[in-house]
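The values are calculated or read from the model by the stated rules, or taken from the named source; none is laboratory data. Note that this is a predicted model, so its numbers are computed, not measured. Here Cβ is always computed from backbone atoms with ideal geometry, including for glycine, and neighbour counts include all displayed protein chains. Note: areas computed on protein heavy atoms with side chains; ligands, DNA, RNA excluded. Shrake-Rupley method; radii C 1.70, N 1.55, O 1.52, S 1.80 Å.
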Amino acid sequence: EGGHFYLPGARSGLFNETYLKTEKPAELVITESIIDALSFMERGILNVLPIYGINGFTKAHETLLIELKPCRLIIALDGDEQGKQAAEKLKEKLNLLFNGSSIVAGNNCHTVIFPHDQDANEYFIKNSAKDFWYLTKEAGQVKQTPLHQSSFSIAHSLFKIKWAEVKGTKLNVTLKAE
């Protein structure tokens, strides 16, 4: 009948950990399974971390998030009722976990609900990364879509734009100097 299937025993290891530790993205998408994460990645959204099903957020996930210190988390679990409930529960847990810290504080942990009870894989069969970012904006979760990485130079220094966002009358930009 479908669903997520895992080997018996404790869950260990993190998919996409090496990439996330190397890139240290300012924004991170948490999704329900490795297949869902691969669907994001196939659409060019590489800053994704899968959990082990709706109750599969582990101490290893927590430790990685503390190490990465993302500025924003987007929880994109399945759009069915179980996924919606699990996303809200995970959001509450993450807000409690990071409350008062410099990472993911306040309203920077958001949930995105896929339409028609879809999971990420079903959604991305017919939709693009741009559609996903529009979905986050439509839900009032993200104010600005991330910019694709672009670069420019000033006085022989090369800068890459990693993220840009409008907050009220301010523009927040994350640059990487090379």
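Summary of values
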| item | result |
| --- | --- |
| Filter result (open to solvent by 10 Å² or more (accessible area, probe 1.4 Å), modelled with pLDDT of 90 or more and assigned to a loop (DSSP other than H, G, I, E, B)) within segment 79-115 | Asp80 |
| Output for segment 27-46, where each listed residue is open to solvent by less than 30 Å² (accessible area, probe 1.4 Å) and in a loop (DSSP other than H, G, I, E, B) | Glu32, Ser33, Ile45 |
| Residue in segment 61-71 that is closer than 14 Å to Glu32 by Cβ and crowded, with 17+ Cβ neighbours inside 10 Å present | yes |
| Lone qualifier among Asp78, Asp36 - being under 22 Å from Asn127 (Cα atoms), touching a Lys or Arg at 6+ places or on another chain (Cβ under 9 Å) and acidic (Asp, Glu) | Asp78 |
| Qualifying residue in segment 137-155 (condition: within 16 Å of the chain's Cα centre (by Cα), surrounded by 15 or more Cβ atoms within 10 Å (Cβ to Cβ), in a helix (DSSP H, G or I) and modelled with pLDDT of 65 or more) | no |
| Tyr134 of a type in the set (Ser, Thr, Tyr), at pLDDT 60 or above, under 28 Å from Glu62 (Cβ atoms) and surrounded by 14 or more Cβ atoms within 10 Å (Cβ to Cβ) | no |
| First in segment 26-47 and hydroxyl-bearing (Ser, Thr, Tyr), second anywhere and surrounded by fewer than 18 Cβ atoms within 10 Å (Cβ to Cβ) and outside any loop (DSSP other than H, G, I, E, B), Cβ under 9 Å, 6 or more apart | Ser39/Glu122; Ser39/Ile125 |
| Hey, Ala76 open to solvent by less than 10 Å² (accessible area, probe 1.4 Å), out of contact with any helix residue (DSSP H, G or I) (no Cβ under 9 Å at 6 or more places or on another chain), of a type in the set (A, V, I, L, M, F, W, C) and more than 20 Å from Ala10 (Cβ to Cβ) or not | no |
